[in-house]
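The values are calculated or read from the model by the stated rules, or taken from the named source; none is laboratory data. All values derive from a computational prediction rather than experimental measurement. Every residue, glycine as well, gets a Cβ built from its backbone with ideal geometry; the counts of neighbours run over all protein chains shown.
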Amino acid sequence: MTVSITPNMAQTPIVDAFFEAQTNTISYIVTDPATKACAVIDSVMDIDYAAGRLTSESADKLIAHIQENGLSLEWIIETHVHADHLSAAPYIQDRLGGKTGIGARIMEVQETFGKIFNEGTEFQRDGSQFDALFEDGDSYKIGELDAFVLATPGHTPACMAHIVGDAAFTGDTLFMPDGGSARADFPGGDAGQLYDSIQRLLSLPDALRLFICHDYGPNGRAIAWETTVGDEKNTNIHLKDGQTREEFVEIRETRDASLAMPKLIIPSLQVNMRAGEMPKDDHGNAQLKVPINGL
């Protein structure tokens, strides 16, 4: 049973976007102008995978913005377990506080990839690495702003859109209209479920602002990250012209069959299913695994 959500369109959060070029990720700081409380959505920890080196330039930009503007960080949100970049959640939380949150179906993702990466029994598969596990229809506050959580499985089982006032953060479920939709061929993904999730998003008010997690500048246009429900309904290349569920699935699965794996999928999944923490070897040293023919 799906939950009906009514956004509080009278509330307008301040939304600041931060583009990370290596993975084409957009992170957001969402601020309540009345209280200066804020949330970080989909942060990035930089990695030089070939050198095995982590750096924090992208996360430090978020931290600097929060500190320079006198904001109070209440939430660090992941829209899903990202397969293309590492979360900076623990790095940011250590410096600014705040609670981490993700969809409750993270447990399914942990179970799937716990097996693929041959994780031992010390790896908890109950979502306990996060401070909050959101169910479909849950609500929370950012200062005085009303925030709601909408389950949007399809790209991954744990995908969720976060609706804050007149703004929604869609994760990888939807891209800009000329970018279409996210892939659905990772373990646990499902193109039919993705279509259903998109329809839930498109049932929201046409004026609702949508902020997407990735943009690749199709056909050479400038990078963009903000659209609306109405624009997506009318012009999204995977949805316009009244595409049926079956037609969308065919489009999506055909497209997915041509895509290479994300360059950072191996480190990203291992780190992000741990809420941004690096896995450790028996001596407590940070260590990544590379499963052969596992994905």
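One line per residue, one yes/no per condition, for (1) of a type in the set (D, E, K, R); (2) buried (at least 16 other Cβ atoms within 10 Å of the Cβ); (3) under 13 Å from residue 47 (Cα atoms):
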{"site": "250", "(1), (2), (3)": "yes, no, no"}
{"site": "262", "(1), (2), (3)": "no, yes, no"}
{"site": "271", "(1), (2), (3)": "no, yes, yes"}
{"site": "279", "(1), (2), (3)": "no, yes, no"}
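Among the helices (runs of 4 or more DSSP H) lying completely within segment 184-295, list those that include at least 2 residues that are more than 19 Å from the chain's Cα centre (by Cα). Quick ask: steps written out before the conclusion?
Values: elements: 191-202, 229-235, 245-256, 265-272.
Qualifying helices (runs of 4 or more DSSP H): 229-235, 245-256.
Quick check on my filter: what residues within segment 125-142 are touching a helix residue (DSSP H, G or I) at 6+ places or on another chain (Cβ under 8 Å) and in a loop (DSSP other than H, G, I, E, B)?
Selection gives 125, 126, 127, 130.
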* Asked: Are any residues in segment 2-54 modelled with pLDDT of 95 or more and among the hydroxyl-bearing types (Ser, Thr, Tyr), and if so, which ones?
  -> 12, 23, 25, 27, 28, 31, 35, 43
* Asked: Which one is surrounded by the most Cβ atoms within 10 Å (Cβ to Cβ) among residues in segment 143-166 that are among the β-branched types (Val, Ile, Thr) and not in a loop (DSSP other than H, G, I, E, B)?
  -> 164
* Out of all the residues in segment 112-137, which are under 21 Å from the mean Cα position of the chain (by Cα), of a type in the set (D, E, K, R) and either surrounded by 13 or more Cβ atoms within 10 Å (Cβ to Cβ) or over 24 Å from residue 99 (Cβ atoms) (or both)? -> 125, 131, 136
* To do: Could you please find all residues in segment 22-57 being within 20 Å of the chain's Cα centre (by Cα), under 17 Å from residue 101 (Cβ atoms) and among the charged types (D, E, K, R)?
  => 42
